[in-house]
2 protein chains.
Amino acid sequence: MPKPTPSLELVPQARAGNRRAMARLISRAEAGDDECRPALAELYRHSGRAHVVGITGVPGSGKSTLVQKLAQDIRASGRTVGVIAIDPSSPYSGGSILGDRVRMSELAADAGAFIRSMATRGTLGGLARASLDAVDILDAGGYDVILIETVGVGQDEVDIVKAGHTTVVVSAPGLGDDIQAIKAGVLEIADIHVVSKADRPDANRTVTELKGMLSMDLQPGADIWRCPVIATSVEPKSGIDDLLGAIDRHREHLASTGEIEQRRRQIAGNRIIKIAEEIVREDFERRRHGQFDDLLERVTGRRTDPYAAAVALLSALRENISHEQA
Amino acid sequence: MPKPTPSLELVPQARAGNRRAMARLISRAEAGDDECRPALAELYRHSGRAHVVGITGVPGSGKSTLVQKLAQDIRASGRTVGVIAIDPSSPYSGGSILGDRVRMSELAADAGAFIRSMATRGTLGGLARASLDAVDILDAGGYDVILIETVGVGQDEVDIVKAGHTTVVVSAPGLGDDIQAIKAGVLEIADIHVVSKADRPDANRTVTELKGMLSMDLQPGADIWRCPVIATSVEPKSGIDDLLGAIDRHREHLASTGEIEQRRRQIAGNRIIKIAEEIVREDFERRRHGQFDDLLERVTGRRTDPYAAAVALLSALRENISHEQA
């Protein structure tokens with residue numbers, strides 16, 4: 001078997017928009033392969049140009065189909081588009097396996113669009129890290145708009161979707177009380193609300209409910225972003241152009257108010273802390289059957305306490321890191 | 001104002017079961033006061049004798065009243081009991097303020113019972129740490145059984161309740177579909193199921209539903225713990241004695257099968273990792289407007305990448321830790 005191309009050698013190709021090079025780097029990031037770390041670092045330094053849009057919604061909200069139509073409209077506007085679809089529940093990875101994505105085949109044949117599904121391989125934390133690496137890769141590869149699509153349940157998915165500059169939350173008609181239930185966690189992070197399946201008779205009620213909820217939060221001021229509620233339908237197609245218009249307006253709002261800088265700092269800060277927590281967890285896992293086991297023995301035997309054990313592990317972790325850096 | 005007694009000087013009194021000393025140490029642990037760390041370490045070394053029982057359930061399941069009745073039955077069996085009630089939603093702390101706890105006043109006058117409510121002061125992670133510190137304090141103070149009561153929503157609460165040797169999950173009748181919703185996160189951690197409000201007509205249906213769900217998981221084997229479903233009622237009082245019987249049987253099961261050792265290791269391992277993550281997060285917070293801010297600037301300016309920034313922060317972390325240890 002020929003030796004695989006070193007990741008660093010794939011960087012110039014990825015930056016030139018070579019799809020195969022980008023796909024290979026994403027796979028390596030997904031596998032958590034340390035070999036690709038310097039390549040990812042290099043690509044990160046050449047990222048920052050794309051508009052990253054996080055799209056989330058409850059299962060059954062028709063989110064995936066909406067993302068497909070939105071991607072087509074972005075292409076029709078003359079821009080390139082990348083799609084990272086995150087599917088934590090799927091045991092598969094690599095995109096083409098997911099039946100759902102077959103419907104994206106129209107875009108798959110288009111060189112100006114890049115679609116990739118990512119699934120949990122081990123921890124959800126690892127998935128979050130890998131999907132943001134994938135965003136960097138597509139960003140450095142020159143895609144104008146990058147859509148991150150996740151199911152909107154759980155803190156980790158919320159963290160992923162908050163890594164976008166613009167956050168779209170998709171609700172389906174007839175959710176009723178469920179809206180209240182997910183409100184606390186997800187609705188409040190929306191820059192744009194979408195009510196999908198606008199062809200259904202109860203869609204209007206959901207739009208009204210959402211608008212009612214939002215009006216309570218309204219503050220005066222010209223610079224305040226007023227979160228729109230957009231009804232969309234895929235068949236017959238309607239509202240997708242309004243959604244793209246709102247996404248573009250939000251980007252202009254971020255730029256003109258200078259809010260974009262604050263967002264970038266927030267996104268970077270969250271990402272750094274998440275990576276650090278994952279490094280800690282991975283390091284502890286590696287030490288199972290070694291130092292960690294000895295410490296566990298000492299803690300359960302009451303010869304030391306959990307706090308001292310945590311400090312000891314963190315000290316050892318730092319020695320490792322120093323060796324790695326050296 | 002007189003200088004407060006150093007925490008280490010309170011340790012002998014706490015170990016002798018002095019309620020005032022224990023209460024003060026719990027307050028200091030709750031405040032996240034570093035001064036009490038050596039005292040907590042010392043008390044941890046003298047803990048490990050108590051049977052710790054985690055009790056969780058959805059809001060409105062009548063969990064608090066059930067815990068009160070259970071605590072009275074434990075006292076009636078000739079044992080001492082400590083109760084740590086965790087109330088993340090409450091802005092208050094310190095137990096006596098919470099109206100709910102007034103009903104526990106019967107026990108409050110009893111020297112063989114210790115009741116304490118704890119509420120979020122800052123992060124829920126901090127609450128988890130402080131409530132397990134409180135369990136150690138009561139354990140070292142000689143209480144035979146310690147009940148940890150939490151609302152069963154969210155990962156942090158699940159983590160707290162898993163810190164018990166025995167986990168009781170309380171369901172209320174008429175939950176219907178909600179049972180499915182919370183099933184994944186909470187039901188599976190139960191060693192004992194309780195259906196509260198057994199006086200209500202729909203209680204039987206909930207018992208049947210739970211039993212149906214459990215029968216799917218049944219594996220053969222004499223050493224397997226078969227999770228009982230117990231219907232309880234407070235007024236008229238019924239089933240509480242069955243619940244206490246099941247708790248005692250579960251403790252015997254853990255001891256006779258040797259499973260207790262495995263649980264202790266699991267509990268200690270989770271606790272160490274959580275503490276480490278919290279140390280990392282607190283350390284980053286402390287460095288806001290310092291090193292962290294500089295790094296953020298470099299990351300958003302694309303002069304370094306988030307992974308390198310996380311590694312740099314973890315490297316600096318240990319310098320802090322080493323100083324603390326020295």
Inset, instruction - Report the closest approach of any chain A C-beta to the axis of the A-to-B rotation: residue and distance, in whole angstrom. - result: A:ARG318, 1
Legend entry - Where labels lie 7 Å past Cα in the beta-carbon direction, separation of B:GLU252 and A:ARG226 in nm: 7.0
Inset, instruction - Output, in nm with one decimal and in ascending order, the distances from the A:THR304 label point to the matching label points of the other copies (7 Å from Cα along Cα-to-Cβ). - result: 2.9
Inset, instruction - Can you figure out the FRET efficiency of A:ALA111 with A:ASN204, using R₀ = 56 Å and their beta-carbon distance, to the nearest 0.05? - result: 0.90
Inset, instruction - Over 14 Å, how big is the tail of the calculated P(r) for the range A:1-78, in percent of all Cα pairs? - result: 71
Inset, instruction - Using every pair of alpha-carbon atoms in the range B:193-264, split the distances into 5 Å bins beginning at 0 and state the percent of pairs per bin, rounded to integers. - result: 3, 15, 20, 20, 19, 12, 8, 3, 0
Inset, instruction - First measure r as the distance between the Cβ atoms of A:MET213 and B:LEU214, then evaluate 1/(1 + (r/R0)^6) with R0 = 51 Å and state the FRET efficiency to the nearest 0.05. - result: 0.85
Legend entry - Kirkwood Rh, angstrom, the range A:182-317 [1 / mean 1/r, Cα pairs]: 19.6
Legend entry - Shortest-first distances to equivalent copies, position B:GLN266, nm, label 7 Å out along Cβ: 3.8
Inset, instruction - Using the structure shown, list the pairs from B:LYS63/B:LYS162; A:LYS69/A:LYS162; B:LYS3/B:LYS162; A:LYS3/A:LYS162; A:LYS211/B:LYS63 with a Cα-Cα distance above 27 Å, or answer none. - result: B:LYS3/B:LYS162; A:LYS3/A:LYS162; A:LYS211/B:LYS63
Inset, instruction - Evaluate E = 1/(1 + (r/R0)^6) for B:ILE260 and A:ARG265, where r is the Cβ-Cβ distance and R0 equals 60 Å; express this FRET efficiency to the nearest 0.05. - result: 0.80
Legend entry - Distance in nm between pseudo-label sites at B:GLU285 and B:ASN18 (7 Å out along the Cβ direction from Cα): 3.1
Inset, instruction - Starting from a label point 7 Å past Cα on the Cβ side, list the distances from A:LEU8 to the same position in the other copies, nm, shortest first. - result: 5.2
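The numbers here are math on the coordinates, done by the rules we state, and not lab data. What you are looking at is a predicted structure, and each value in this text was computed from that prediction instead of being measured. Virtual Cβ from ideal backbone geometry, glycine too; neighbours counted across all protein chains shown.
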